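Just below is one structure, and these are the notes that go with it.
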Amino acid sequence: MNSPFTAAEVRHAVELLASRPLVRLVTEIDDNGAIPPRRLAGILPDLSTHQLGSASGMARAHGLIRTAPGTGLELTEPGTELADVYDAMARWARRHAVPAPVCEFSSRIRHVLGLLAPSLTTERVGGPSPRTGDKAEAGLAHCRMLLSQWLADNPQVARVSEPEPVA
């Protein structure tokens, strides 16, 4: 499998996908359904107003959520597929007690994304994955395949945009 992504694009995608507020938003909607208008702060009280705004803005900009009339924020098809990728990563991390036996869901996602990132670039695609044991490697390879496929289907997440000029 060839990766169409450079190291900078993979770094950008991993930073976006590992964002704790984004992980919380996507998984909350996946687990509990659409978030009614003006209820976001009440449903995710552990996130600041800035974090909520940033996460929902990023998710909208990358096509992961949309506002549905009458229901509120809901996942798009790519958002639902990302939630499935997150679930697979979290299951693998929980099974292998990484980054710790007990930790937050988003910490597990960030850890697995960190393990997978080096193998997703055009320079390293198809290279060896981290040595974590045969069963662990097989599970991590499965997560890598899911993430690679999701990124291939959603390349806008990896594209690094030029910074806006300061006026």
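Residues checked against (1) assigned to a helix (DSSP H, G or I); (2) in the same structural domain as Ile29 (by TED's automatic domain parsing); (3) over 11 Å from the mean Cα position of the chain (by Cα):
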| position | (1), (2), (3) |
| --- | --- |
| Gln51 | yes, yes, yes |
| Ser54 | yes, yes, yes |
| Gly57 | yes, yes, yes |
| Gly63 | no, yes, yes |
| Arg66 | no, yes, yes |
| Ala83 | yes, no, no |
| Met89 | yes, no, no |
| Trp92 | yes, no, yes |
| Ala100 | no, no, yes |
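What is the one condition in (1) in contact (Cβ under 8 Å) with a residue 40 or more places away in the chain; (2) farther than 18 Å from Ala158 by Cβ that Pro78 does not satisfy?
(2)
Do you know which of the residues in the stretch 133-164 that are charged (D, E, K, R) and at pLDDT 90 or above is nearest to Thr121 (Cα to Cα)?
Arg144
What are the residues in the stretch 18-43 that are buried (at least 18 other Cβ atoms within 10 Å of the Cβ) and in a loop (DSSP other than H, G, I, E, B), if any?
Within the stretch 18-43, Ala18, Ser19 meet the criteria.
The values are calculated or read from the model by the stated rules, or taken from the named source; none is laboratory data. Computed from a prediction, not measured in an experiment: that's the story for all the values here. Glycine gets a Cβ as well: all are built from the backbone with ideal geometry, and neighbour counts include every protein chain shown.
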